[in-house]
Amino acid sequence: MSKLKDKVAIVTGASKGIGAGIARQLAADGAKVVVNYASSKGGADKVVADIEAAGGKAVAVGADVRNKTEVEGLVKAAIDNFGRLDIVVNNSGIYQFAKIEETTEELYRKQFDINVLGPLLVVAAAAPHLGKGGSIINISSVVTRVLPAESAIYSGTKGALDAITGVLSRELAPRGIRVNAVNPGLIETEGTHTAGVMGSDFQTWNESQTPLGRIGQVEDIAPIVSYLASDDARWVTGEIILAAGGMR
Ligand code: NAP
């Protein structure tokens, strides 16, 4: 497939989980990919090696999305390595559920800084390099519709990201840049394993609430992102696409 031929993409948080799957998919569809990581250089290097082994082009670049200077370096790496930028996937994110009584400034700041400030800084740095046909895809979450108990901070960050998606779709439309969100339901990833979600009552509850009767895999999400990144989605902007097996 080559629907993303000649396009260059940045995927934040692509060292593992959903981001790694998106980076592999975009590369398989022809894009050159900047594989961002924060702490897992080994994971990002492995994603790059897999892409190159499959005949694609990619480079691993470390940057904490909370840090403006590092984010500017991430965007510069795309231009320096591949000469242009067309696709930005804001995937980096963390989730930490907590009862409202357990709210701390740290829980709030960490999740809002990575999940909300991060995408804002990335788009601010990337937008000057994106031209007509540019595509920004924000990885939000079905929690903004389902509103699970004990997720006030996390759901708050993703609700903000949904709103930012809508605002930026209007703000960047005159320049021919599209902005959409993909909102997955529960997906099996390194992150959901580490958080103890897999095998928990929360997984069972998700399965029971999902019409298609299972939780998602990374491979369920990546092709949707590739579609939104491609010119096939040229008339699609400002959309919040639930990708949750019918859960809503
Ligand atoms: P994951 O397996 O924990 O991977 C998270 C990724 O984000 C890692 O590559 C990590 O990089 C990166 N990251 C974390 N902090 C960062 C920072 N400050 N700067 C740059 N990168 C950073 O997570 P996941 O489950 O794939 O989730 C990915 C996204 O999907 C998140 O936005 C999440 O909210 C969203 N989502 C997930 C699910 C789900 O059920 N899994 C459902 C809906 C939405 P390092 O490893 O290098 O630190």
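Structure summary
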{"read-out": "Taking the stretch 3-102 and dividing mean pair separation by its residue count, relative contact order in percent (alpha carbons under 8 Å, at least six apart)", "value": "32 percent"}
{"read-out": "For the chain: accessible area per residue (Å², 1.4 Å)", "value": "46 Å²"}
{"read-out": "For the stretch 190-201, 3J(HN,Hα) per residue [Karplus equation, 6.51 cos²θ - 1.76 cosθ + 1.60, θ = phi - 60°, Hz, x = Gly/Pro]", "value": "3, x, 6, 5, 4, 6, x, 6, 5, x, 8, 4"}
{"read-out": "Radius 12 Å from Cβ of Thr157, net charge of other residues (Lys, Arg +1; Asp, Glu -1)", "value": "+1"}
{"read-out": "Full-extension gain in nm, Asn67 to Lys132, via 0.36 nm per residue minus C-alpha separation", "value": "20.7 nm"}
{"read-out": "Sum of -39500 (n - 2.57) over DSSP H runs of 4+, divided by residues of the chain (222 nm, nearest 500)", "value": "-13000 deg cm²/dmol"}
{"read-out": "The chain - percent of accessible surface contributed by carbon and sulfur, probe 1.4 Å", "value": "53 percent"}
{"read-out": "The stretch 206-248: relative contact order in percent, alpha carbon pairs under 8 Å with at least 6 residues between", "value": "55 percent"}
{"read-out": "Local net charge near His129, Cβ-Cβ under 13 Å (Lys/Arg +1, Asp/Glu -1)", "value": "+2"}
{"read-out": "Percentage relative contact order, the chain, counting C-alpha pairs under 8 Å, at least six apart", "value": "20 percent"}
{"read-out": "Residue order for Thr194, Thr165, Thr104 - accessible surface, 1.4 angstrom probe, largest first", "value": "Thr194, Thr104, Thr165"}
{"read-out": "23 Å Cα cut-off, lysine pairs counted over the stretch 49-116 (separation 8 or more, or different chains)", "value": "4"}
{"read-out": "Separation in nanometres of the label points that stand 7 Å from Cα toward Cβ, at Arg84 and Lys99", "value": "5.5 nm"}
{"read-out": "Förster radius 51 Å - calculated FRET efficiency between Met198 and Glu52 (Cβ-Cβ, nearest 0.05)", "value": "0.95"}
{"read-out": "Modelled FRET efficiency - R0 30 Å, Ala149 with Arg170, Cβ distances, 0.05 increments", "value": "0.35"}
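The values are calculated or read from the model by the stated rules, or taken from the named source; none is laboratory data. Because the structure is predicted, anything quoted here is derived from the model rather than measured. Counting neighbours? That spans all protein chains shown, and the Cβs are built from the backbone with ideal geometry, glycine included. Note: areas computed on protein heavy atoms with side chains; ligands, DNA, RNA excluded. Shrake-Rupley method; radii C 1.70, N 1.55, O 1.52, S 1.80 Å.
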